[in-house]
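Accompanying notes for the structure given below.
The values are calculated or read from the model by the stated rules, or taken from the named source; none is laboratory data. What you see is a predicted model; the values in this text were computed from it and never measured. With ideal geometry, Cβ positions are generated from the backbone for all residues, glycine too; neighbour counts draw on all protein chains shown. Areas reflect the complete protein model, heavy atoms only, side chains present, ligands, DNA and RNA absent. Shrake-Rupley method; radii C 1.70, N 1.55, O 1.52, S 1.80 Å.
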Amino acid sequence: MGLRINDIAPDFTADSTAGEIKFHDWVGDGYAILFSHPKDFTPVCTTEFSAVAQLASEFEKRNTKVMGVSVDSVEEHKKWKADIEKIAGAPANFPIIDDTSLTVSKLYDMLPAEAYLPDGRTAADSASVRTTFIVGPDKKIRLMIIYPMTVGRNFAEILRALDAVQATDGQPLATPANWMPGQDVIVGLSLSTEEAKAKYGDVDVKLPYLRTVKV
């Protein structure tokens, strides 16, 4: 069975461009985003890593670390960083781990357990290694998004989703469609309207089961 929301994110130890990393220790008491790529020196992935480099301050504001996964070696990652930084116009200071063994790819169900990728593999061979995970301070998976090879990730949406996760984490709240930070949120069905008023103030009852509040 594959990974699910609220599963403990599998722990691992791996070499990276920042040295050896033990994933759970690295996450620490904040949030983390693990985003994977099928190959170094590929066009879509280069633009994505560049987008992450440009958003470094935004992730820092949210107490969130980011880590890239690619099925190439640390030596290749370090060479690739020069291209990433050229496109980004910013340093790529986040770690990129060496997953030539496919250990992390398999732990996170990005490839079939029996996958075999030959030497000289292309990005197409590891196309399914293109997933984004948001992990909470308790090391549980909060969100998973899987993209095809031809669709670059929208990191503005990933930031928005991270904001939504953090706004509702541990609270009887949810965010509506197209929610943006600062907008009203939905009161969970576990709270009565009276309880919601006591906890959050005014409650806008749109439907008996759709009630919103400002937080």
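Data overview
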quantity	calculated
Rounded accessible area per residue of the chain, 1.4 Å, Å²	50 Å²
Cα-Cα over 18 Å, subset of LYS65/LYS140; LYS39/LYS81; LYS65/LYS86; LYS139/LYS214; LYS39/LYS78; LYS22/LYS65	LYS65/LYS86; LYS139/LYS214
Residue (of ALA18, GLY152, GLY201) at the positive-pole extreme of the chain, dipole from beta-carbon charges	GLY201
Charge dipole (the chain, unit charges on Cβ, about Cα centre) - positive-most of ALA177, ALA32, ALA161	ALA177
0 to 90° range, to nearest 10: angle between helix 43-54 axis and the chain longest Cα axis	60 degrees
Shape of the chain, Cα gyration tensor, a/c cut at 1.5	prolate
Carbon and sulfur %, accessible surface of region 171-215 computed with the full protein complex present, 1.4 Å	56 percent
For the chain, share of DSSP beta bridges that run antiparallel, in % to the nearest 5	65 percent
Shape of region 6-80, Cα gyration tensor, a/c cut at 1.5	oblate
With Cα atoms, 0 to 90° folded angle of helix 155-168 axis to the chain main axis	40 degrees
Expected 222 nm ellipticity per residue - DSSP helices of 4 or more, -39500 (n - 2.57), all of the chain, to 500	-8500 deg cm²/dmol
